[in-house]
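Peer 1: Before I ask anything, let me first share the structure, which is written out below as structure tokens.
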Amino acid sequence: MVQRVRGVVARSQGSPVELTTVLVPDPGPGEAVVAVRACGVCHTDLHYREGEISDGFPFLLGHEAAGVVESVGADVTTVAPGDHVVLNWRAVCGDCRACRRGRPQYCFATRNATRAMTLEDGTPLSPALGIGASPTGRSWPRASAPR
Ligand SMILES: [Zn+2]
Ligand SMILES: [Zn+2]
């Protein structure tokens, strides 16, 4: 069931960010919904707002966060509801050549959520660094829960 939360959104280049309602879909295969307990909005998010990283407005800001897994999609076996997690903006696959060599920083197959969070009118949001963790109400989806 889609959840309604509040998140920090940059709608257009240079305009003030706003705290607005965000719709969070149920987790798809390989995804988890995490109830965010803490999230930073940093200078990188400012670069998104300024249009310096991409022009994919509107952006859902926040990419440094921690929380508790709330629900998981099909095929998720390494986290379960109730697990405390830190969100990785470069979510590694755990299975490619680099990951298997113990060098996940060079992962060839990092993951992002496939089911978009949206504004109330259905406009898809571009999550900052693939995360968009600023929703403060309850939760947000994470694509990267390793299988
Ligand atoms: Zn940052
Ligand atoms: Zn990898």
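The values are calculated or read from the model by the stated rules, or taken from the named source; none is laboratory data. Keep in mind it's a predicted model, so treat the numbers as computed, not measured. In this analysis, Cβ positions are derived from the backbone assuming ideal geometry, glycine residues included, and neighbour counts consider all displayed protein chains.
Peer 1: Run residue 135 past the list (1) in a loop (DSSP other than H, G, I, E, B); (2) modelled with pLDDT of 90 or more and report the number of the one that doesn't hold.
Peer 2: In the conditions (1) in a loop (DSSP other than H, G, I, E, B); (2) modelled with pLDDT of 90 or more, residue 135 misses (2) alone.
Peer 1: Sticking with this one: If we keep just the residues of region 81-120 that are among the charged types (D, E, K, R) and away from ligand 2 (no atom under 16 Å from the Cβ), which is farthest from residue 63 (Cα to Cα)?
Peer 2: Across region 81-120, the extreme among qualifying residues is 120.
Peer 1: Still on this structure: From the list 56, 28, 40, 51, exactly one residue is under 18 Å from residue 119 (Cα atoms), small (Gly, Ala, Ser) and away from ligand 2 (no atom under 16 Å from the Cβ). Which is it? First the steps, then the outcome.
Peer 2: Details: 28 fails: under 18 Å from residue 119 (Cα atoms); 40 fails: under 18 Å from residue 119 (Cα atoms); 51 fails: under 18 Å from residue 119 (Cα atoms).
Going through 56, 28, 40, 51 in turn, the sole match is 56.
Peer 1: Looking only at region 89-120, which residues are part of a loop (DSSP other than H, G, I, E, B), surrounded by 13 or more Cβ atoms within 10 Å (Cβ to Cβ) and in contact with a helix residue (DSSP H, G or I) (Cβ under 9 Å, 6 or more places away or on another chain)?
Peer 2: Of everything in region 89-120, those that are part of a loop (DSSP other than H, G, I, E, B), surrounded by 13 or more Cβ atoms within 10 Å (Cβ to Cβ) and in contact with a helix residue (DSSP H, G or I) (Cβ under 9 Å, 6 or more places away or on another chain) turn out to be 89, 90, 92, 93, 94, 96, 107, 109, 110, 112, 113.
Peer 1: Does residue 74 satisfy the condition of being among the hydrophobic types (A, V, I, L, M, F, W, C), surrounded by 19 or more Cβ atoms within 10 Å (Cβ to Cβ) and in contact (Cβ under 8 Å) with a residue 12 or more places away in the chain?
Peer 2: It is false that residue 74 is among the hydrophobic types (A, V, I, L, M, F, W, C), surrounded by 19 or more Cβ atoms within 10 Å (Cβ to Cβ) and in contact (Cβ under 8 Å) with a residue 12 or more places away in the chain.
Peer 1: How many of the residues making up region 121-135 are surrounded by fewer than 17 Cβ atoms within 10 Å (Cβ to Cβ) and not polar (S, T, N, Q)?
Peer 2: Adding up the residues that qualify gives 3.
Peer 1: Among the residues of region 1-59, what is the count of those that are over 17 Å from residue 124 (Cα atoms), in contact with a helix residue (DSSP H, G or I) (Cβ under 8 Å, 6 or more places away or on another chain) and of a type in the set (Val, Ile, Thr)?
Peer 2: 2
Peer 1: Restrict the check to region 112-126 and report whether at least one residue is polar (S, T, N, Q), modelled with pLDDT under 90, under 21 Å from residue 25 (Cα atoms) and within 15 Å of the chain's Cα centre (by Cα). Please lay out each step first, then the result.
Peer 2: If we filter region 112-126 for residues that are polar (S, T, N, Q), which is where we start, we get 112, 114, 118, 123, 126.
Next, only the ones that are modelled with pLDDT under 90 stay: 112, 114.
Filter once more, so that each one left must be under 21 Å from residue 25 (Cα atoms): 112, 114.
Right, trim to within 15 Å of the chain's Cα centre (by Cα) and you get 112, 114.
Looking through region 112-126, at least one residue is polar (S, T, N, Q), modelled with pLDDT under 90, under 21 Å from residue 25 (Cα atoms) and within 15 Å of the chain's Cα centre (by Cα).
Peer 1: For region 13-71, which residues satisfy the criterion of being outside any loop (DSSP other than H, G, I, E, B), surrounded by fewer than 20 Cβ atoms within 10 Å (Cβ to Cβ) and within 16 Å of ligand 1 (Cβ to nearest atom)?
Peer 2: 38, 40, 43, 44, 46, 47, 64, 66
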